[in-house]
Amino acid sequence: MLHRVGIYPGTFDPMHIGHLSFALKALSVSKLDKIIILPEKYPRGKEHVTDLPTRVSQMESLTKNYSQLKVFTLKTMPITLRSEKQELAHIFETNDVVLLLGSDILPNLVQWQDIAQLLHDHELCIGMRGNDTPQSVRDDILKLEKQFSLDIPYSTVTTKHKNISSTKIRAQSE
């Protein structure tokens, strides 16, 4: 039986209620059976990131009461579409996979390795962040569709926690 599985990569330093509320709402909006959360060990463009075991422990604690959310650490770092497909082959080969990401990621998505293939093969579920709007997301999607000559299926999720960020949380704790 084909399931719909969300793949949610990110730094999660720390994982917070914004990440959690997006994931939980994405389950229903994108009709997902489960979500695999993939923390990056060495996030591109970020320095001074809390070590991976500490973040994973915190993430597992935060998600333990939600059976549809599973934290998984890839052996291959940094996370790429190729590494995800190799290590999660059983997920990608036997399920309909949806990529979860924040709207703040869309403008830089073209820099991702194998992005054209990812956009061709997978639906997106986009969590609204900060001042982004459904129209700004649509504009970003249209640019990607034009650049890669694709129709990109996507949905958006807005929660009351869209303005929470790990950067702000870390700044407040210093």
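Give me a count of the residues in segment 89-104 that are in a helix (DSSP H, G or I) and either in contact (Cβ under 8 Å) with a residue 60 or more places away in the chain or touching a Phe, Trp or Tyr at 6+ places or on another chain (Cβ under 9 Å) (or both).
Of the residues in that region, 2 qualify.
Can you tell me which residue in segment 35-81 is nearest to Leu20 (Cα to Cα), limited to those that are basic (Lys, Arg) and within 16 Å of the chain's Cα centre (by Cα)?
Looking at residues that are basic (Lys, Arg) and within 16 Å of the chain's Cα centre (by Cα), I get Lys70.
Kindly evaluate Ile35 against the criterion of being in contact with a strand residue (DSSP E or B) (Cβ under 7 Å, 6 or more places away or on another chain), closer than 30 Å to Asn131 by Cβ and of a type in the set (Val, Ile, Thr).
Against the criterion (in contact with a strand residue (DSSP E or B) (Cβ under 7 Å, 6 or more places away or on another chain), closer than 30 Å to Asn131 by Cβ and of a type in the set (Val, Ile, Thr)), Ile35 qualifies.
If I filter segment 1-15 down to residues being of a type outside the set (Phe, Trp, Tyr), surrounded by 22 or more Cβ atoms within 10 Å (Cβ to Cβ) and closer than 14 Å to Glu123 by Cβ, which single residue comes out as farthest from the chain's Cα centre (by Cα)?
Gly6
Looking at Ala116 and the list (1) part of a loop (DSSP other than H, G, I, E, B); (2) over 23 Å from Leu27 (Cβ atoms), which single condition is not satisfied?
Exception for Ala116: condition (1).
Only one of these conditions is not met by Leu150: (1) outside any loop (DSSP other than H, G, I, E, B); (2) over 20 Å from Gly45 (Cα atoms). Which number is it?
(1)
Being buried (at least 16 other Cβ atoms within 10 Å of the Cβ) and over 29 Å from Thr94 (Cβ atoms) is the requirement here; does Gly18 meet it?
Yes: the conditions hold for Gly18.
Readers should treat all values here as calculations from the given coordinates under stated rules, not as data from a laboratory. Nothing here was measured: the structure is a model prediction, and the numbers come from that model. Neighbour counts run over all protein chains shown; Cβ positions are idealised from the backbone, glycine included.
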